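Only one structure is covered here, and it is reproduced in the block below.
Taken together, the values in this text are just the output of simple stated rules run on the coordinates, not laboratory data. All values derive from a computational prediction rather than experimental measurement. Cβ sites come from the backbone with ideal geometry, for glycine too, and all protein chains shown count toward neighbours.
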């Protein structure tokens, strides 16, 4: 019997796969046999060597700043693509997102770049009957004090999953999403590295712990696999039950 989670011979691109959740997802596919490409904003793979949560061993690196629409439009894709994971993201603290500059910066990366990336990978995925996975956040489902752009952009990402799924299913492209809960990354340090805040957050998670990039990788592997062939346009909350309350 063929292993449905065997991605040998498949090519995967993880946009934002140089650190955190994206890096965990990239290595999840690599460990299951895929040839994995990742993109990040720095000039070279070696520039990530000193960063915690960044491991590019066994991955093919490409420079891409998704906040630059022209750079995305001209990005040279691998010749074939079976799975694309869009895991780019940013946030602005100190109430910067209430101002237009901060709002625009977050929206450009967290929402606008999703459609820019989806547009360029669509032909490749259609050729392979591939899978597109958009990583958003459970912040899409509740208000976020101090981060209106982050919350709105993630809600928009969830909505975009449904729209793209409906539009492209006839081309053989399955579009789905993952909404992670609290995962220690460079974007969540304000909570995860504050002992009091972290303890309060974990107390609200029924699973009794924060998530990990590997938890998100498991969800991505499932959604990209034949096990999920009839799942279309859904965003899976991977949050340890945090949003049940």
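Once the mean of 1/r is taken over each pair of separate Cα atoms and inverted, the range 1-111 shows a Kirkwood hydrodynamic radius of 15.0 Å.
Normalised by the residues of the range 1-66, what does the relative contact order come to in percent, with Cα pairs under 8 Å and at least six apart? Computed value for the range 1-66: 33 percent relative contact order. For a Förster distance of 25 Å, can you work out the FRET efficiency between the beta-carbons of residue 171 and residue 2, rounded to the nearest 0.05? After rounding, the FRET efficiency stands at 0.55. When each of the peptides 25-34, 107-116, 137-146, 200-209 is scored by how many other beta carbons lie within 10 Å of its residues on average, the order from highest to lowest is 25-34, 107-116, 137-146, 200-209. A simple spin-label model places pseudo-atoms 7 Å from Cα toward Cβ; at residue 229 and residue 93 they are separated by 4.7 nm. Structure remark: mean-square fluctuation, Gaussian network model of the chain, C-alpha springs under 10 Å; the largest value among 225, 46, 131 belongs to 46.
Each residue of the range 108-182 gets 75 Å³ once the volume of the Cα convex hull is shared out per residue. Each Cα pair under 8 Å and six or more residues apart adds its sequence gap; the mean of these over the residue count of the range 155-238 is a relative contact order of 47 percent. Taking a ≥ b ≥ c as the square roots of the eigenvalues of the Cα gyration tensor, the chain is rounded, since a/c falls below 1.5. Separation of the range 61-138 from the range 18-49 is 15 Å, based on Cα centroids. Computed from Cα positions, the angle between helix 148-168 and the longest principal axis of the chain comes to roughly 20 degrees. Between 74, 153, 54, the residue with the greatest mean-square fluctuation in the GNM of the chain (Cα pairs under 10 Å linked by springs) is 74.
Computed from Cα positions, the angle between helix 113-128 and the longest principal axis of the chain comes to roughly 30 degrees. Against the longest principal axis of the chain, how steep is helix 213-224, in degrees 0 to 90 to the nearest 10, with axes from Cα atoms? Approximately 40 degrees, to the nearest ten. Based on C-alpha pairs under 8 angstrom that are at least 6 apart in sequence, the chain has a relative contact order of 20 percent. Note on 10, 154: ascending count of other Cβ atoms within 10 Å places them as 10, 154, the fewest first.
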